[in-house]
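Report on one structure; see the data block that follows.
A short reminder: the numbers here are calculations on the coordinates, not readings from a lab. In this text, all values refer to a predicted model and were calculated from it rather than measured experimentally. Ideal geometry is used to build each Cβ from the backbone, glycine not excepted, and the neighbour counts take in all protein chains shown.
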Amino acid sequence: MIGIFDSGVGGLTIVKEIFKYLPGYQIIYFGDTARLPYGTKGENFVKKYSEKITDWLLRKNAKIIVIACNTSSAWASDSLKKKFSPTPIFEMINPAVAEALATTKNKKIGIIGTPGTIKSGVYQKKLLKADSNLKVFSQPCALLVPLVEEGMLDDKITIEVIKKYIEPLKDKGIDTLILGCTHYPLLKDIIEKTIDSGIKVINPAESLAKEVKIYLENNSVIDKKIKRGNVHKFFFSDEPYNLAKISHFCFSKKINPIVKDPFNV
Ligand code: DGL
């Protein structure tokens, strides 16, 4: 079973790619809706709950962990990999960085994400470590998560917000833009249409799913076939807000949430 976690419903954009690239694998998902957003929380908070969730997923029999949250990947992936070694732990940042490096021609890369992800500087550091000639520009975009959760994917207001955030990056001449937050893949089309300039947009959810696929093809840590009667499980630590809307955007169908907060004791 693949254990996947996020601060809430946004991680379903990663589940969508996992289903696409890894059909046949059973998943267990945990969305920490009781404590979201992670994007404006401090490092220690995000680390603490990422650790608790990883431990819980492993106790639920997950064999690998996918951190389907950019903020948690930024703040907590190194400590999770250390603490839960040798469990394979995948995160959002390395695969997106690799894809951006392979994509850029003019070596100018933009990153958008939550305030926490941008503040951590992790995308910026990893890109510059790989190629010190890069010019990296970043922009926190706190308003985009609530707009997506309201289902306002191509609303006038959303288009204005996208312009406000992304035009300064476009003015810097970027040719590649990393969508460094779970919710932004749902805005990919409208972002491409709004910035209309041939900038290549990287979806880290897809980069990550491809990396997990290659790993599982080469390492037999999980039974591929879902056993009869076993289903995907979606846990949330509190009632997920607008789950039906987000799951419709991701899978064109509803999912059945199991609401339970294992950490509120
Ligand atoms: N899942 C978060 C991320 O990708 C966005 C939502 C939140 O701030 O909790 O950074």
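Restricting attention to region 200-263, which trypsin sites (Lys or Arg not before Pro) occupy a DSSP loop and are surrounded by at most 15 other Cβ atoms within 10 Å? The partial results should precede the final answer.
Values: sites: Lys200, Lys210, Lys213, Lys224, Lys225, Lys227, Arg228, Lys233, Lys245, Lys253, Lys254, Lys260; in loops: Lys224, Lys225, Lys227, Arg228, Lys253, Lys254, Lys260.
The qualifying sites are Lys224, Lys225, Lys227, Arg228, Lys253, Lys254, Lys260.
Taking only Cα atoms, what is the 0 to 90° angle, nearest 10, from helix 93-103's long axis to the longest principal axis of the chain? Value to nearest ten degrees: 40.
Checking a compactness column here: for region 77-203, what do you get for Rg(Cα) / (2.2 N^0.38 Å), N being the number of residues? Don't skip to the end; give the middle numbers.
Working: Rg = 14.9 Å, N = 127, 2.2 N^0.38 = 13.9 Å.
Relative to the 2.2 N^0.38 Å estimate, region 77-203 comes out at 1.08.
The angle separating the long axis of helix 70-83 from the principal Cα axis of greatest extent in the chain is about 50 degrees. For the chain, the longest principal axis of the Cα atoms and the long axis of helix 43-59 meet at an angle of about 40 degrees.
Approximating the spin labels as points 7 Å out from Cα along Cα→Cβ, the Asp175-to-Asn44 distance works out to 4.5 nm. Peptide packing: for 185-194, 6-15, the average count of neighbouring Cβ atoms within 10 Å per residue gives the ranking 6-15, 185-194, highest mean first.
Just the number, please: Stokes-Einstein D of region 33-115 in µm²/s, Kirkwood Rh from C-alpha pairs, 10 °C, 1.306 mPa s. The partial results should precede the final answer.
Working: Rh = 13.9 Å.
Here the translational diffusion coefficient equals 114 µm²/s.
Assuming R0 = 35 Å, can you tell me the calculated FRET efficiency for the pair Asp261 and Asp196, based on Cβ-Cβ distance, to the nearest 0.05? Can you show the working numbers first?
Working: r = 44 Å, r/R0 = 1.25.
So, using R0 = 35 Å, E works out to roughly 0.20.
Note on the chain: with a GNM built from Cα contacts shorter than 10 Å, the maximum mean-square fluctuation among Ala34, Ala68, Ala96 falls on Ala34. Here the alpha carbons of region 136-265 define both size measures, Rg and Dmax, at 18.1, 54 Å. Working note: Debye formula, equal point scatterers on the alpha-carbon atoms of the chain, no solvent; log10 I(q)/I(0) at q = 0.11, 0.14 Å⁻¹ is -0.56, -0.93. Size check on region 120-181: the Cα extents along the three principal axes, sorted descending, read 39, 23, 14 Å.
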